[in-house]
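What follows is one structure encoded as structure tokens, with my remarks underneath.
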Amino acid sequence: MAYLNQTTTYSSLTERLLATTARILDAAAARQAKRAVYRKTFNELAGLGDRDLADLGLHRSQIRRIATEAAYGAN
């Protein structure tokens, strides 16, 4: 199996810190976006009545799992 090691050369400590900070902020933004999908999905399904959920083939106990799968993918 082949591996690619990508190395980046920084000319200063400041550039290295800025790059690390940018990666951290990107990861935080991605987590925040996934959490927003979870909340939106959960709230929309929780707002439905039992009859509406039954029409979709769902039970109220499944809402958390479905919201998690929508936001974070299937486990």
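The values are calculated or read from the model by the stated rules, or taken from the named source; none is laboratory data. Everything numeric here is computed off the predicted structure, so don't read it as measured data. In this analysis, Cβ positions are derived from the backbone assuming ideal geometry, glycine residues included, and neighbour counts consider all displayed protein chains. Remember, those area values only see protein heavy atoms, side chains included, never the ligands or the DNA or RNA. Shrake-Rupley method; radii C 1.70, N 1.55, O 1.52, S 1.80 Å.
Brief remarks on what is shown
- Per residue, the chain exposes 86 Å² of accessible surface when a 1.4 Å probe is rolled over the protein heavy atoms with every protein chain present.
- Applying the Karplus relation 6.51 cos²θ - 1.76 cosθ + 1.60 with θ = phi - 60° to the stretch 63-72 yields 3J(HN,Hα) values of 4, 4, 5, 5, 5, 5, 5, 5, 8, 10 Hz, where x marks Gly and Pro.
- Averaging 1/r over every pair of different alpha carbons in the stretch 29-73 and inverting the result gives a Kirkwood radius of 10.7 Å.
- Simple spin-label estimate for Arg35 and Thr20 gives 2.3 nm between the two label positions (7 Å along the Cα-to-Cβ direction from each Cα).
- Net charge dipole size for the chain [Lys, Arg +1 and Asp, Glu -1 on Cβ; Debye, nearest 20]: 200 debye
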